[in-house]
Every structure is written in C-alpha cells, then in structure tokens.
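What follows is a single structure, written as structure tokens, with notes after it.
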Amino acid sequence: MADENEATDYDDLAKVKVTLDGHVAIISLNRPESRNAVNEELSHDLHEAFRRVAGDKQARAVVIRGEGKSFCVGGDVKTFNETPAATAPPSPAAKALGILDATEVIDLILAIPQPTIAAVQGHAMGLGATIALFCDVVVAADDAQIADTHVNVGLVAGDGGAVAWPLMMPFGASKWYLMTGDRVTGEEAARLGLVFRSVPGAQLYEEALGLANRMAALPPLAVQGTKSTLNRILKHRMELTLDYGLLYEGATFLSEDHQEASAAFVEKRAPEFKGR
C-alpha cells in the first residue's frame, strides 16, 4: 500500500494539470486554445489523472476544472473525421463501436473514492457536461452554459447525459434539454437542481476550493463510504439506461445526418438533415 506521505507523480501529463493544495487535488483540463475539447491526447491524460488521483493518499477531496474560459466543450468535433496520414480510415462500424468507450470516463470518475467537486465556467457541453455532472458536487458560474449537444451533431444523447440529467432535475425539463440540445445557464441549472450552487464567475474557484476543503476536513472513511453508498443509485440508473442509449448513439454515428452535422460544423454552414 502506498505511503500517505509519498507524492504521486503527475508531471508526464501534458493536457491535464494536477496539483495539490493541502489535501485537495486540483485536476485542470489543459487545452484552453480549444476550450478544452477532448481529443485523443486529452482523453488519455484525463483517464490517467483520474486513476492516479484515486490512489493518491495525500488527496482527500478533488476539484475538477478547465483552464481558460471554458470547462470543456465536449468531444473535439473537428477531429471526428480526421485520420492520420499513414493510417487507413477506420470502418464505420469501428467508429460506432468506439462510442462505447464513453462509459470508461464515467466509470473512472465514479471510481475516485474521494469526493469530487466540479467547478464549471464558460461552456460545459456534451462530454464536458457529463464529466461535470458525474462529480459529487457541481458548482457553476452564474453565466456558465451547460448543454448536452448530441442531437445537434446527429447523435442520440445515449451516454452519461441520459443518466445524469433526469436524475438531477425535473424529468420533463431534462427531456426538453436532451432532445433539443438547448443550453442552460449556471444560475438556471442551480434553480432546477442540475448543479448544487451557482456563484459569480470571479468567485467560482474560491467557492469550489472552499467546498473541497470542507469535505477534506471530514473523516475520510465516513465521507468516502457515504459517497460509495450513494453512487449505487447512479450505477443502478446506468444499468437501466446506459447500454440501451449507447447502442442507439452508435447507430446514429453511422447516419448521414451525423456526417452532415460534422461537415457543416467544420465548414461553418447550416446543416441539411435528411433523417437517414
């Protein structure tokens, strides 16, 4: 077992910064030039950061945030159809099956034994919203923009959004936001219960760190055991919804509408959907 005073090494992670402030580990997504859109490198480093923090004996609470103006705008749409020059393009089936990897990041967040606090500023879209909403506590800037935008790129909102949104806010409201991709501000998200609290943007990090320090000062076994117990509710909801939704999401990944949405985004034009 790792010694509590033994420092965990995070220095090799390029697209995620991990620092310790006392007993609080701060995980910062670090692609600010792309509003922390998740590409392959950021995905790898984020997975590694979650694994290492989970085993870091010095960390008793975790803050997850984004560098720059946004928390995370989701998957990097510009890379959806990119293929390295020396690599054969993946088959449509392989690309669709790749969507199933979305469950791994959720599992890793839930596997972090310490309480996790998301500090959401700017945009938290799609996968970015899912990362935030699967944290134990979500604090948002009043003017933050939160959305699950799967439908806007021609995909079924089948991954974590279909689990988290209906569990945290009124069911009718969650159906509206998931079926339209509309954005909800941090202030409105707090009113609806989607996030725990909203504060002015200038106070966001201080508020999240203060909550993390409060939780870090509590008996770790009691806090972590309570988290583990409550997460059984989340895992039960995942068993009910996630596989079904991901199959539908994978199917729509093969659709012409998804390809059109991705192309229109890159070309900065309005998409033309044909329902196939």
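Assorted remarks:
- Close pairs from the range 187-198: first more than 13 Å from Trp165 (Cα to Cα), partner of a type in the set (Gly, Ala, Ser), Cβ under 7 Å, at least 6 apart: Glu187/Ser198; Arg197/Ala190; Ser198/Ala140; Ser198/Ala141; Ser198/Gly186; Ser198/Ala189; Ser198/Ala190
- Residues that are within 21 Å of the chain's Cα centre (by Cα) and under 14 Å from Val156 (Cβ atoms), drawn from the range 220-251: Thr241, Leu242, Asp243, Tyr244, Gly245, Leu246, Leu247, Tyr248, Glu249, Gly250
- Checked against the criterion of being of a type in the set (Val, Ile, Thr) and closer than 25 Å to Asn39 by Cβ, the candidates Val199, Val223, Val195, Val163 yield just one match: Val163.
- Comparison of Ala162, Ala88 shows that the only residue that is modelled with pLDDT under 95 and surrounded by fewer than 24 Cβ atoms within 10 Å (Cβ to Cβ) is Ala88.
- The residues of the range 40-74 that are among the basic types (Lys, Arg) and in contact with a helix residue (DSSP H, G or I) (Cβ under 8 Å, 6 or more places away or on another chain), listed by number, are Arg51, Arg60, Arg65, Lys69.
- Enumeration of residues in the range 229-246 that are under 16 Å from Phe134 (Cα atoms), in contact with a Leu (Cβ under 9 Å, 6 or more places away or on another chain) and surrounded by 12 or more Cβ atoms within 10 Å (Cβ to Cβ): Asn231, Leu234, Lys235, Arg237, Met238
- Selection status of Ile99, outside any loop (DSSP other than H, G, I, E, B) and modelled with pLDDT under 95: yes
- Against the list (1) surrounded by 14 or more Cβ atoms within 10 Å (Cβ to Cβ); (2) closer than 25 Å to Leu211 by Cα, the condition Leu42 fails is (2).
- Residue satisfying condition, being of a type outside the set (Ser, Thr, Tyr), farther than 26 Å from Leu167 by Cα and touching a residue at least 24 places away in the same chain (Cβ under 8 Å), within set Gln259, Gln203: Gln259
- For the condition modelled with pLDDT of 95 or more, of a type outside the set (A, V, I, L, M) and touching a Pro at 6+ places or on another chain (Cβ under 8 Å), Asp142 qualifies.
- Of residues in the range 39-59 being part of a helix (DSSP H, G or I) and touching a strand residue (DSSP E or B) at 6+ places or on another chain (Cβ under 6 Å), the one farthest from Pro219 (Cα to Cα): Asp45
- Glu249, sole failed condition from (1) under 26 Å from Ile112 (Cα atoms); (2) among the charged types (D, E, K, R); (3) surrounded by 18 or more Cβ atoms within 10 Å (Cβ to Cβ): (1)
- Contact annotation: residue pairs with Cβ atoms under 6 Å, 6 or more positions apart or on different chains, pairing a residue in the range 28-45 that is farther than 15 Å from Tyr10 by Cα with a partner that is modelled with pLDDT under 95 and in a helix (DSSP H, G or I), are Arg31/Leu42; Val38/Leu127; Asn39/Thr79.
- Considering only residues in the range 170-198 that are basic (Lys, Arg) and in a helix (DSSP H, G or I), the one that is nearest to Met125 (Cα to Cα) turns out to be Lys175.
- Within the option set Leu242, Leu234, Leu167, Leu218, being among the aliphatic types (A, V, I, L, M), closer than 29 Å to Gln58 by Cβ and in a helix (DSSP H, G or I) holds for one residue only, Leu234.
- Check on Arg60, basic (Lys, Arg) and under 14 Å from Gly128 (Cα atoms): no
The values are calculated or read from the model by the stated rules, or taken from the named source; none is laboratory data. Keep in mind that what you see is a predicted model, and the values were worked out from it rather than measured. Cβ atoms come from the backbone with ideal geometry, glycine included; neighbour counts cover every protein chain shown.
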